[in-house]
Every structure is written in C-alpha cells, then in structure tokens.
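Shown next, in structure tokens, is the structure this report addresses.
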There are 2 protein chains.
Amino acid sequence: MTGERRKFRREGADTRRQALVLATLDLIAEQGVRGATVRAIAERADVTQGLIRHYFSTKDELVQEAYLAHMAGLTEQTFAGVAERETALGRLAALVVASVTPPVVDSASVGLWAGFLNHVRQDARMRAVHAQTYHDFRDRLERLIVAALEEAGRGPDAGQARRLAIACNAVIDGLWLEGGALPEAFEPDELTGIALTAVGAILQLDLEEAAKT
Amino acid sequence: MTGERRKFRREGADTRRQALVLATLDLIAEQGVRGATVRAIAERADVTQGLIRHYFSTKDELVQEAYLAHMAGLTEQTFAGVAERETALGRLAALVVASVTPPVVDSASVGLWAGFLNHVRQDARMRAVHAQTYHDFRDRLERLIVAALEEAGRGPDAGQARRLAIACNAVIDGLWLEGGALPEAFEPDELTGIALTAVGAILQLDLEEAAKT
DNA sequence: GCATCAATTATACGCTTGCATAATTACGAC
DNA sequence: GTCGTAATTATGCAAGCGTATAATTGATGC
C-alpha cells in the first residue's frame, strides 16, 4: 500500500490561471469573499492549494485578476449586441436593454461587484481598475448618446454630453443594482420598460420605439 | 506585584450594545468586513472581546444589528430636511438633493453598504431587512412624486406612479453609488445638478427651480 | 529509454479567527 | 457595611487562514 499520490495533468500557464480566476469568481459569487479561501478555490479548480502560489505570488494578486476579468466580462456582455443595430438610436436602445437584462443583471454578478468594492477602496491598483472600468463604460455610453442626439439633429456641447452620460449611466447602474440585489421586487421585463422610458425622458428621445426594431 | 486586572465601569445594556454596533460600523467602513473582527470591535469599543458574546450570542447577530442601524441612519439622513419644505415639489427636490450630497453620499457609507450586500444574499433575516429598507424608501419617494404631480395638476395612476418611483430611485441610487465609490470623478455640486435635471426630466417637473427655495 | 525541468502535490508553520468558560469586580439593595 | 449578582475581564481552545518549502511527477527533446 503506497501512499497514493494524486495524479495530475500538466496544463499551460494561461489555462491554469484562467481556471483559478474562474473558480475564484464562482466562489465569491456563491459564498461571498469569505468563502473564497485559497483552499476552496483550489478545490473548485480541481487542483491543490500549493499551485495557486505557483501562479500568483499572493492571494490578493489572484483576486485582483479575478476582478479585472469580471469587470471586463460585464462590459463585454453589455455591449455584445449593440454594434449590430443600424441607427445610433437603435444602438443606444440596445445598450440600455442589455444593461438591465440577464445575464448582465444577475444576483451573483452584483454580489461579486459588491464583494470587490471593499478591496477597491483599500488597494490602489484595484481602485485604478475600478475607475478605468467606470470611465470606459461611461465614455462609450456618452459617444452613443451624442451620436443618437446628432442623428436627431441635436448636437449637445461637451458639458451637456458629459452630464447626460452621467445621468443615463446612473439610471442604468441603479436599475442594474436593484434588479440584481432584489430580483423578486420587479416583474419580468419591467426593468426594460422603465430603463427605456427613463433614459428616453432624460435625452428626450423615443427609445422604446427604437428598441423594438 | 498583583497581576493588575483591567478596571471597568458597568453600563446599561442599551449603551453597550449601541457602542458595539457603532464600533462595528466604524471598522467595516474603514477596513471592510475583513477588518471587523471580534477583537478589533472590542478594542474600538474599549471593551474586552468576551463582552461581545455577553450582548450578542453570535457575531452575525451583531453584524445584523449594525446593518439595521446603518440603513436606518441612511434613510433618516436622507429625509432629514424634507418635511420643512412647504410645497410638494420643494420636498421632492430636497430629497433628491440630500440623496446625492454628503453625509449621505460618502465613500465609507457606500463601502459599508457593499460590505453588507454579501451577508444580505446569504442570510434570510438580513435579506428581509434589505428588502424592507428598499421598499420603505421607494414608497416614501413614490408618495412625494405623486404629491408633486398632483400639485402640478397631473395625477398618475398606480402603475405609472410605481414605474416613476422605480426610475427616480434608480437615478438617485446610481448617483449615490458613483459619488461614493468614485468621489474624485465628479465636480463639487455636479451630482446635485445632474440629479435634479434627470429626475425632473423623468417626471417632467422643474426641480431645479424648486431646489433653490 | 533516459535525462531534464517545470508543473504539481504534500506537508507544515505561525497567525488569526470566532467561540466557550471560568475567574473577578463594580454597584445597587437592604 | 456586606452581600448578591449581573457585568466584565481573562484565558484557552479548536479550526481555518495565507504562506512557505520540500518532495514528486508528468511531459518534452534527444
């Protein structure tokens, strides 16, 4: 009876890092940051805990990479179908709808985001990622808004565009948050209608019509 | 040389519980949930750790009470100056302004809220507190909105009122969140103007004028 | 096949955590 | 005063944490 050592396969660095990041996100989403221990992450990724230290010199480094991956994924999901629309108004409507619809609106996703926020407030590098993600999203939103307004014959100046983007972004974020944190508080599709109406009211554009196309 | 035992004063249960809750909130705000250990809380409250178990049968119980206290305080701060206004429109404007102004908008406060969110997702009682806080706030907002619209001669039906309240609440929450999470991203008073304009646009009311009074 | 070497496992250390329990002490009742 | 008791401190424990390091093993080139 030899002490049977665990069998394993060698994997490339990228594969393993990604698997570890995914396991981390899964766990934080399911059980909060508390549940994402080194041991739990390793088990979820079907690996022993020592390997984590082989790929990440510290746990915070892994968490930071996971945060980056989550935020990038969120932005990507949100903008997924946007470019396909032909009109600027249609693209804006598509973005608004996607922002308040699964898989973007999701309890686990919001929980993940909240779980990271405290790390963000304490770690300078994570704060940088946070700020950049926010500004990236808002800038893209602002460009869509400007394009839609110009399409309607109304070109806002820079200050107006900035303020409109902040306001629309707030509506979207607020609904995203509430839809994710309190799923049972809203009827199906209710958030979609509210988001289109509210953003439409702020911009004085008919987004509801544009969303149907 | 007697082993000098620490001196102490006896306090009423309410005083001590409140002090412990306050210490907990301080620590979560400053260092995130990680930093709010039983020992750290006790030290902050100038007490030894055993006392916590004397007043709370478990740490989660203390955290839950702290959450309740934080949310109640937040709502109270937000509605603080609202009733003083004479017109319904003025009250609504005051609420909007207070929602996006310190001390309601505050990095620590947002961090606190985010820190709790993961507990909320896992503990049924905390979820109940969360849902109730949200609905309380939104109901009060909805009543202010209905009053302001009626004052302007437009009475919305129940469905409209609900949707308007959800939308306005989303703007407020979104700006609160972003103002707290990224304080340096906005000019002073910028959020106030944006909030009034956006909520005004959604309701088709002139809140900016009403806010000046 | 065999040597090589990074990928992976195994084990352990020191620290912190939440919780329990026993020993003390302040303070009001009488 | 002194006595009882609830409030408070002191001490300890078992479990879990992140990290470090040494021992193994799978794949690759020759």
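The values are calculated or read from the model by the stated rules, or taken from the named source; none is laboratory data. Just so it is clear, the model here is predicted, and its values are computed rather than measured. FYI the Cβ positions are ideal-geometry reconstructions off the backbone, even for glycines, and counts take in every protein chain you see. These accessible areas exclude ligands, DNA and RNA; they are computed on the full protein's heavy atoms, side chains included. Shrake-Rupley method; radii C 1.70, N 1.55, O 1.52, S 1.80 Å.
Would you mind stating whether B:Asp14 is open to solvent by 30 Å² or more (accessible area, probe 1.4 Å), out of contact with any helix residue (DSSP H, G or I) (no Cβ under 6 Å at 6 or more places or on another chain) and assigned to a loop (DSSP other than H, G, I, E, B)?
Working: open to solvent by 30 Å² or more (accessible area, probe 1.4 Å): yes; out of contact with any helix residue (DSSP H, G or I) (no Cβ under 6 Å at 6 or more places or on another chain): yes; assigned to a loop (DSSP other than H, G, I, E, B): no.
For B:Asp14, the condition - open to solvent by 30 Å² or more (accessible area, probe 1.4 Å), out of contact with any helix residue (DSSP H, G or I) (no Cβ under 6 Å at 6 or more places or on another chain) and assigned to a loop (DSSP other than H, G, I, E, B) - is not met.
Within region A:29-43, count every residue that is more than 14 Å from chain B (Cβ to nearest Cβ), over 22 Å from the mean Cα position of the chain (by Cα) and within 13 Å of DNA strand C (Cβ to nearest atom). Show your work before the answer.
At the first step, the residues of region A:29-43 found to be more than 14 Å from chain B (Cβ to nearest Cβ) are A:38-43.
Now drop any that are not over 22 Å from the mean Cα position of the chain (by Cα), which leaves A:38-40, A:42-43.
Retained after the next criterion (residues that are within 13 Å of DNA strand C (Cβ to nearest atom)): A:38-39, A:42-43.
Total satisfying the criteria: 4.
Got a number for residues in region A:60-80 being open to solvent by less than 50 Å² (accessible area, probe 1.4 Å) and more than 16 Å from DNA strand C (Cβ to nearest atom)? Outline the logic, then answer.
Pass one, region A:60-80, residues open to solvent by less than 50 Å² (accessible area, probe 1.4 Å): A:62-64, A:66-67, A:69-71, A:73-75, A:78-79.
Imposing the further condition that a residue be more than 16 Å from DNA strand C (Cβ to nearest atom) reduces the set to A:63-64, A:66-67, A:69-71, A:73-75, A:78-79.
The qualifying residues number 12.
Condition check: touching a residue at least 24 places away in the same chain (Cβ under 8 Å), within 12 Å of DNA strand C (Cβ to nearest atom) and either outside the structural domain of B:Gly73 (by TED's automatic domain parsing) or open to solvent by 80 Å² or more (accessible area, probe 1.4 Å) (or both). Does B:Leu25 satisfy that? Give the derivation first.
Numbers: touching a residue at least 24 places away in the same chain (Cβ under 8 Å): yes; within 12 Å of DNA strand C (Cβ to nearest atom): no; either outside the structural domain of B:Gly73 (by TED's automatic domain parsing) or open to solvent by 80 Å² or more (accessible area, probe 1.4 Å) (or both): yes.
In short, no.
Can you name the number of the only condition in (1) away from DNA strand C (no atom under 16 Å from the Cβ); (2) within 18 Å of B:Asn118 (Cα to Cα); (3) more than 14 Å from every other protein chain (Cβ to nearest Cβ) that A:Glu86 fails?
(2)
Kindly check whether there is at least one residue in region B:24-37 that is within 28 Å of B:His130 (Cα to Cα) and in contact with a Ser or Thr (Cβ under 6 Å, 6 or more places away or on another chain).
From region B:24-37, those within 28 Å of B:His130 (Cα to Cα) are B:24-37; that's our starting set.
Right, trim to in contact with a Ser or Thr (Cβ under 6 Å, 6 or more places away or on another chain) and you get B:36.
So far as region B:24-37 goes, yes, one or more of its residues are within 28 Å of B:His130 (Cα to Cα) and in contact with a Ser or Thr (Cβ under 6 Å, 6 or more places away or on another chain).
May I ask you to say which residue of B:Leu92, B:Leu74, B:Leu25 is modelled with pLDDT of 95 or more, under 30 Å from B:Ala152 (Cα atoms) and more than 16 Å from DNA strand D (Cβ to nearest atom)? Can you show your working first?
Values: B:Leu74 fails: modelled with pLDDT of 95 or more; B:Leu25 fails: under 30 Å from B:Ala152 (Cα atoms).
Result of the check over B:Leu92, B:Leu74, B:Leu25: B:Leu92.
Being open to solvent by less than 50 Å² (accessible area, probe 1.4 Å), of a type outside the set (Gly, Ala, Ser) and near DNA strand D (Cβ under 10 Å from one of its atoms) is the filter here; which residues of region B:28-49 pass it? Explain how you work it out, then say what you get.
At the first step, the residues of region B:28-49 found to be open to solvent by less than 50 Å² (accessible area, probe 1.4 Å) are B:28-29, B:32-33, B:35-36, B:38, B:40-42, B:45, B:47.
Pick out the ones that are also of a type outside the set (Gly, Ala, Ser) and you get B:28, B:33, B:38, B:41, B:47.
Within region B:28-49, B:Val38, B:Val47 meet the criteria.
Just checking, how many residues over region A:22-72 are among the aromatic types (Phe, Trp, Tyr) and farther than 23 Å from A:Pro103 by Cα?
The initial filter retains those residues of region A:22-72 that are among the aromatic types (Phe, Trp, Tyr), namely A:55-56, A:67.
If we keep only those that are farther than 23 Å from A:Pro103 by Cα as well, we get A:55-56.
Final tally of qualifying residues: 2.
Exactly one of these conditions fails for B:Ile52: (1) assigned by TED's automatic domain parsing to the domain that holds B:Leu203; (2) within 16 Å of DNA strand D (Cβ to nearest atom). Give me its number.
(1)
May I ask you to list the residues in region B:168-187 that are over 18 Å from B:Gly111 (Cα atoms) and touching a Leu at 6+ places or on another chain (Cβ under 8 Å)?
Hits for region B:168-187 are B:Cys168, B:Asn169, B:Ala170.
Which helices (runs of 4 or more DSSP H) sit wholly inside region B:147-213 and have at least 2 residues that are within 12 Å of another protein chain (Cβ to nearest Cβ), open to solvent by less than 60 Å² (accessible area, probe 1.4 Å) and not acidic (Asp, Glu)? Walk me through how you get there before you give the answer.
Details: elements: B:158-181, B:190-203, B:207-212.
Hits in region B:147-213: B:158-181, B:190-203.
Taking only region B:121-170 into account, find how many residues are hydrophobic (A, V, I, L, M, F, W, C) and over 18 Å from A:Ala181 (Cβ atoms).
Here is the first cut: in region B:121-170, the ones hydrophobic (A, V, I, L, M, F, W, C) are B:124, B:126, B:128-129, B:131, B:137, B:141, B:144-149, B:152, B:158, B:161, B:164-168, B:170.
Right, trim to over 18 Å from A:Ala181 (Cβ atoms) and you get B:144-149, B:152, B:158, B:161, B:164.
Number satisfying all stated conditions: 10.
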